[in-house]
């Protein structure tokens, strides 16, 4: 009987055929000798996703949902059927894995036995750093500093930069409060201890909530630039239903705040903060009315580069610094 793979890669997708295809190709190209399995959960895509998986990636395990179940439930579906290896990797379909990144994530976890969760350095398609890949807990002062622009004005100040942790050097390894769920390595023993993702959260705040839960259980959360990926952002299904997504983001933050943070603040402040959340929801919905792009669609810049035989900055990497 063959031993289970070390790594189970779980990908949830919705109408992201082009990006998922590139993501899977990058995994197979750069996984090297790392034993792994890939599980894709499709949330009722109406593009060529399932056809592409059947014809081009028959070795990928596929769960085909009939409707959009969000992010947490489908990831738990994938986790529940994964083989009992040492690590789970939650990965967005709109990502590109660079050479050695998967191995480096696993090696980092192997060398840091208290690391329950590990996240890589995440790059945009132009090669710039995606700051959301390391973050705080989303406490009130952190969110106020972020949305009021104070963190941008004082990026090196720990007092103002808690939301995106910009006071921490992006090129150095750090223990952080939370990382992005676009690429999250979870130790199987951590998963066994604290359970899967919180299904009360449809598709947002789940990564921060999981990191908080892991730290409360005694595990450490790490950000390491020894592994790098590219993340296009918003191309895995989050903008297919923009108004629903906006509502679910704010609802998930309310659930997360009420579960993990509200007890640390006076109840009158919490009432005020809930009012602020409601007003921000209304403002965001209003602003979205005037946005040109209101649905998830192809990243024209990314696909145009592909058609022209170009690659986004950084995707041609063959090794890491």
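FYI, it's all coordinate maths here, none of it is from the lab. Nothing here was measured: the structure is a model prediction, and the numbers come from that model. So basically every Cβ, Gly included, is an ideal-geometry build from the backbone, and we count neighbours across all protein chains shown.
Laid out as a table, the results:
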read-out	value
Neighbour-count order for 249, 141, 271, fewest beta carbons within 10 angstrom listed first	271, 141, 249
Computed [θ] at 222 nm, helices only, for the chain once each DSSP H run of length n ≥ 4 contributes -39500 (n - 2.57)	-11500 deg cm²/dmol
Rounded, prolate or oblate (a/c below 1.5 giving rounded, otherwise prolate when a/b exceeds b/c) for the stretch 1-93 by Cα gyration tensor	oblate
For the stretch 40-107 and the stretch 248-279, distance of Cα centres in Å	32 Å
Prolate/oblate/rounded label for the stretch 194-278 (Cα gyration tensor, a/c 1.5)	oblate
The stretch 10-93, relative contact order [Cα under 8 Å, separation at least 6], %	44 percent
Segments 201-211, 47-57 sorted - mean Cβ within 10 Å per residue, highest first	201-211, 47-57
Taking the stretch 28-159 and dividing mean pair separation by its residue count, relative contact order in percent (alpha carbons under 8 Å, at least six apart)	21 percent
Order of 275, 191, 105 under a 10 Å beta carbon neighbour criterion, fewest first	275, 191, 105
Shape of the chain, Cα gyration tensor, a/c cut at 1.5	rounded
Relative contact order of the chain, defined on C-alpha pairs under 8 angstrom at six or more residues apart (%)	21 percent
Ranking of 95, 143 by count of other Cβ atoms within 10 Å, fewest first	143, 95
